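For reference, the structure discussed in these notes is given below.
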Amino acid sequence: MSKTPVTPELDRLLHEPARLRTLVQLAVVKKADFTWLLGQTGLTRGNLSVQMSKLAEAGVVRVHKRFHNNRPQTLYELTESGRTALQRYKQDMQSILDGIPG
């Protein structure tokens, strides 16, 4: 009988679909503003705001607030620890998927 592979424990903070969708977008750009993330993720303003707050509190994203053309603008970027956590998540997920027979 073959031994069942050990499944890695996924980072619950990153695994939540709305947060993961946002992190994937941030992984491919240096910084992104709130409005751009809304369009890319399809989340509501409230949901995106809550998810970004959780990610910022965990140190996964950095928040920059500024005025652009006399209007408030919120920019987000992945922190170094956020990039590391996302890379680890990717590796863990790949390990799980590689364990699927067939």
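The values are calculated or read from the model by the stated rules, or taken from the named source; none is laboratory data. From a predicted model like this one, the values you see are computed outputs, not experimental measurements. Quick reminder, even Gly has a Cβ in these numbers, built from the backbone with ideal geometry, and neighbours come from all protein chains shown. Side chains included, ligands, DNA and RNA excluded: accessible areas come from the protein's heavy atoms. Shrake-Rupley method; radii C 1.70, N 1.55, O 1.52, S 1.80 Å.
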*Go through the range 32-77 and give me each residue that's loosely packed, with under 12 Cβ neighbours inside 10 Å and either under 16 Å from Leu13 (Cβ atoms) or among the polar types (S, T, N, Q) (or both).*
Thr44, Glu57, Asn69, Asn70
*Looking only at the range 17-31, which residues are open to solvent by less than 60 Å² (accessible area, probe 1.4 Å) and not in a helix (DSSP H, G or I)?*
Val29
*Could you check Lys90 against (1) more than 24 Å from Thr7 (Cβ to Cβ); (2) under 20 Å from the mean Cα position of the chain (by Cα) and say which number it fails?*
(1)
*Number of positions in the range 58-79 that are part of a strand (DSSP E or B) and more than 18 Å from Glu16 (Cβ to Cβ)*: 13
_Condition first: closer than 13 Å to Leu26 by Cα, open to solvent by less than 40 Å² (accessible area, probe 1.4 Å), acidic (Asp, Glu) and not in a loop (DSSP other than H, G, I, E, B). Can you find one or more residues in the range 80-102 that meet it?_
no
*Does at least one position in the range 43-59 carry a residue that is of a type in the set (Val, Ile, Thr), modelled with pLDDT of 95 or more and closer than 21 Å to Thr84 by Cα?*
no
